[in-house]
Amino acid sequence: MVLSQSGHYACVMLIHMSFVRKLLCCVFLSLFVLSAGVICGQAPAAPQPPATILIIRHAEKLTDGRMDLSPTGFERAKRLPKLFLPAGVRPDLPMPQVIFATHMSTHSNRPVETVTPLADALHLSIDNSIMDDDVAELAATLMSGKYAGKVVLVAWHHGKIPQLATALGVTPPYTPWPAEQFDRVWRIDYVDGKGTLRDLPHQLMPGDSK
């Protein structure tokens, strides 16, 4: 059968209209599914936090303005693995799976020096890409979901630690962090997205707090 020009045009229009109807059906169905999810309260899942965040200050520093740890600080850094390894002195402190430390500045590389022996013992790299002042960036990185369910250790400068704790959704046990205090761990545990902070001692060196 040979179609006239008008008949051919009508067939093309019918095929086109059929395709458009199918496309519109798919669009309406997608919109219905999305609206039903909103109505049922099925909002996109929020990023999950780490299981635990451990915050420490760098170890003892020199008093002459140099950027490194003091001999006592290097000794504390050397002993730090005993704090976090499974057979260590503090069974209430879990073993880190991720380590952050403040980016080196012209005044200090002490956070990196503090956690280097621990990182070596655990065969972990140290993420030191974030500057001391950028605690909002650090908190956003930690809570982004990338480290969901993990144990993360953060070594930072004491002046910013209370601010970091606040950005992580918990209340600092004291602020400011005392200038001569080098022997505490702030342990933050998250359950159902809510954080709880405990202030714990190192008990690694003679004279450490209890």
Practice problem: Would you confirm whether any residue within region 48-55 is assigned to a helix (DSSP H, G or I), modelled with pLDDT of 95 or more and under 28 Å from Pro172 (Cβ atoms)? | Solution: no
Practice problem: Test each condition in (1) touching a His at 6+ places or on another chain (Cβ under 7 Å); (2) closer than 20 Å to Leu197 by Cα for Thr102 and report the one that comes out false. | Solution: (2)
Quiz item: Quick check: anything in region 141-148 more than 9 Å from the chain's Cα centre (by Cα), modelled with pLDDT of 95 or more, assigned by TED's automatic domain parsing to the domain that holds Met67 and within 18 Å of Ala167 (Cβ to Cβ)?
Solution: no
Quiz item: Of the residues Arg187, Arg198, Arg110, which single one is farther than 13 Å from Pro50 by Cβ, of a type in the set (Lys, Arg) and in contact with a Pro (Cβ under 9 Å, 6 or more places away or on another chain)?
Solution: Arg198
Quiz prompt | Test for Ala155: is it closer than 25 Å to Met67 by Cα and aliphatic (A, V, I, L, M) | solution = yes
Quiz item: among the acidic types (Asp, Glu), over 19 Å from Asn128 (Cα atoms) and either loosely packed, with under 15 Cβ neighbours inside 10 Å or modelled with pLDDT under 95 (or both): does that describe Asp92?
Solution: yes
Self-check item: Test: Val152 is part of a helix (DSSP H, G or I), assigned by TED's automatic domain parsing to the domain that holds Asp192 and buried (at least 16 other Cβ atoms within 10 Å of the Cβ)
Solution: no
Quiz item: How about region 98-134: which of its residues are within 21 Å of the chain's Cα centre (by Cα), β-branched (Val, Ile, Thr) and either surrounded by fewer than 17 Cβ atoms within 10 Å (Cβ to Cβ) or part of a loop (DSSP other than H, G, I, E, B) (or both)?
Solution: Thr102, Ile130
Quiz item: Out of the residues in region 163-181 that are under 20 Å from Ala51 (Cα atoms) and β-branched (Val, Ile, Thr), which is surrounded by the most Cβ atoms within 10 Å (Cβ to Cβ)?
Solution: Val170
Exercise. Tell me, yes or no, whether region 32-42 has at least one residue that is at pLDDT 50 or above and under 30 Å from Pro206 (Cβ atoms).
Key: no
Practice problem: Give the residues of region 182-195 that are modelled with pLDDT of 95 or more and loosely packed, with under 13 Cβ neighbours inside 10 Å, sorted by residue number. | Solution: Val191, Lys194
Quiz item: Just wondering, is there one or more residues in region 62-81 that are touching a His at 6+ places or on another chain (Cβ under 6 Å) and surrounded by 15 or more Cβ atoms within 10 Å (Cβ to Cβ)?
Solution: no
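The values are calculated or read from the model by the stated rules, or taken from the named source; none is laboratory data. All of these numbers come straight from a predicted model, not from anything done at the bench. All Cβ positions, glycine included, derive from the backbone under ideal geometry; neighbour counts span all protein chains shown.
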